[in-house]
Amino acid sequence: MESSNGKPPQGEEEGKAAGSIGGYESLHRLLESNLSPELFKEASRLLLGLNCAHPLEPISLPGATTDLAQAHSFDVQAFRFNADKEHMRQPRIVRVGLIQNSIAVPTTCHFADQKKSIMEKVKPIIDAAGASGVNILCLQEAWTMPFAFCTREKRWCEFAEPVDGESTQFLQELAQKYNMVIVSPILERDINHGETIWNTVVVIGNNGNIIGIHRKNHIPRVGDFNESTYYMEGNTGHPVFETAYGKIAVNICYGRHHPLNWLAFGLNGAEIVFNPSATVGELSEPMWPIEARNAAIANSYFVGSINRVGTEVFPNPFTSGDGKPQHADFGHFYGSSHFSAPDASCTPSLSRYRDGLMVSDMDLNLCRQIKDKWAFRMTARYDMYANLLSEYLKPDFKPQIIADPLINKRA
């Protein structure tokens, strides 16, 4: 896939950017530039899989989209997931978009200026999605603010807002303008329940209405991720939102490490599950291309993975439970947003350091086709799993271990 300016990225130019991989925006582009066409095709088959026995097809986007990408220097890529033609059903094609971005001004700026600058930065990317005919769009976790939850400083709670607050109103207008469903992850302040703070997604319908919310189920306590200082585990279960374009769900960030969390959204009928995240290279990058893809395969739905980009430096150094000296940043948020499909195919990733828009046409008929092919639901043993989980929750639970009676016997 070409870069947003229509030319393959040049390694020398990209090498100047912090966060590049050997001077390239992504692993895919590194391989494309350094392998012969034959080897690159085979490497892509192994890394990205095949969709209906073919490599993913790139999509040509309107000039308005590429013009915006060039003017605002964000990466834009687009691909198509096909499904087999059926006799009894027409194709159910939906165009879906993911936005990744860095913050726009230093974290030392006035909070109102930080939020405003991010909204101004993201709007042209949303406009590009609208110009591309995107039906469902998802932004990154806590998109209206720096990911300040490493600091343990409570002043960052000022970014929290009600479900119908400023960012929702901003996106409602755009959703209505572009006839687009928008998934907006925010820091929520629950006015009706003691102003409690949650990590929340607001699902905005294509008519500009609020369809509903979901709160983050799993809160990390690893490395610099001190999020439980600000909010605790959510209380909304595993909702699936039936929109004009399909049934969607949102597995926020750390929930991607929990297979049963993915499973629950699938059991409730999700066809597309978004994973808006904020994660850094040293901690999770080897896991990033695996977990969402595995979830798409295991649960027979599409997954959209979104991660912010850049390094966010905070005014005051902080420490964490990993024994490292005090420091003032999380590390590099490596972007690399992408889509995964139930047939094990996936798109290349967006840039590791630039803002970006990933667009995909996906035929939702593929979900049922893969369910029929692999029969994961039919062959699962939910009764057995339920019994084990029920026993595991009891204080007197004993693991089912059968020990070799001769384990300590010497020859």
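What the table shows:
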quantity: Area of Ile402 that stays accessible when all protein chains are in place (1.4 Å probe, Å², to 10); calculated: 150 Å²
quantity: Set of lysines near Lys41 by C-alpha distance (under 24 Å), chain-local residues within fewer than 8 positions excluded; calculated: Lys7
quantity: Theoretical ellipticity at 222 nm over the chain - DSSP helices of four or more residues, -39500 (n - 2.57) apiece, nearest 500; calculated: -8500 deg cm²/dmol
quantity: Ile210, Ile272, ranked by accessible area, largest first (probe 1.4 Å); calculated: Ile210, Ile272
quantity: Surface accessible to a 1.4 Å probe, per residue, for the residues of the chain, Å²; calculated: 47 Å²
quantity: Separation of the Asn316 and Ile407 label points, Cα + 7 Å toward Cβ, nm; calculated: 5.0 nm
quantity: Shape of the stretch 300-346, Cα gyration tensor, a/c cut at 1.5; calculated: prolate
quantity: Residue among Pro395, Pro62, Pro325 with the largest mean-square fluctuation in a Gaussian network model of the chain, springs linking Cα atoms under 10 Å; calculated: Pro395
quantity: Descending Cα extents along the principal axes, the stretch 55-378, whole Å; calculated: 62, 44, 39
quantity: Per-q log10 I(q)/I(0), the stretch 155-309, q = 0.16, 0.19, 0.20 Å⁻¹ (Debye; single scatterer per alpha-carbon; no solvent); calculated: -0.92, -1.27, -1.37
quantity: Per-residue SASA entry for Met287, accessible area with 1.4 Å probe, Å² rounded to 10; calculated: 80 Å²
quantity: Protection proxy ranking of 160-168, 87-95 - average other beta-carbon atoms within 10 Å, highest first; calculated: 160-168, 87-95
quantity: The chain, accessible surface, carbon-and-sulfur percent (1.4 angstrom probe); calculated: 54 percent
quantity: Positive minus negative residues near Met287 (Lys, Arg vs Asp, Glu; Cβ under 15 Å); calculated: -1
quantity: Members of Lys371/Lys398; Lys115/Lys216; Lys373/Lys394; Lys116/Lys324; Lys121/Lys216; Lys121/Lys177 lying beyond 27 Å, as alpha-carbon distances in this model show; calculated: Lys371/Lys398; Lys373/Lys394; Lys116/Lys324
quantity: Extension gain (nm, one decimal) between Met88 and Met232, 0.36 nm per residue minus Cα-Cα; calculated: 47.2 nm
quantity: Difference of contour (0.36 nm per residue) and Cα-Cα distance, Ile290 to His72; calculated: 75.4 nm
quantity: Stokes-Einstein translational diffusion, the stretch 45-148 - Kirkwood Rh over all Cα pairs, 0.890 mPa s, 25 °C, in µm²/s; calculated: 152 µm²/s
quantity: Ordering of 339-352, 32-45, 193-206 by packing [mean C-beta count within 10 Å, highest first]; calculated: 339-352, 193-206, 32-45
quantity: Projected label distance in nm at Lys394 and Ala43, using a 7 Å step from Cα toward the beta-carbon; calculated: 5.4 nm
quantity: Residue-span extension gain [Glu153 to Ala386] - 0.36 nm each, minus C-alpha spacing; calculated: 79.8 nm
quantity: By average C-beta atoms within 10 angstrom, highest first, the peptides 139-152, 215-228; calculated: 139-152, 215-228
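The values are calculated or read from the model by the stated rules, or taken from the named source; none is laboratory data. Because the structure is predicted, anything quoted here is derived from the model rather than measured. All Cβ positions, even for glycine, are placed from backbone atoms using ideal geometry, and neighbour counts span all protein chains on display. Keep in mind that these areas ignore ligands, DNA and RNA; they rest on the heavy atoms of the full protein, side chains included. Shrake-Rupley method; radii C 1.70, N 1.55, O 1.52, S 1.80 Å.
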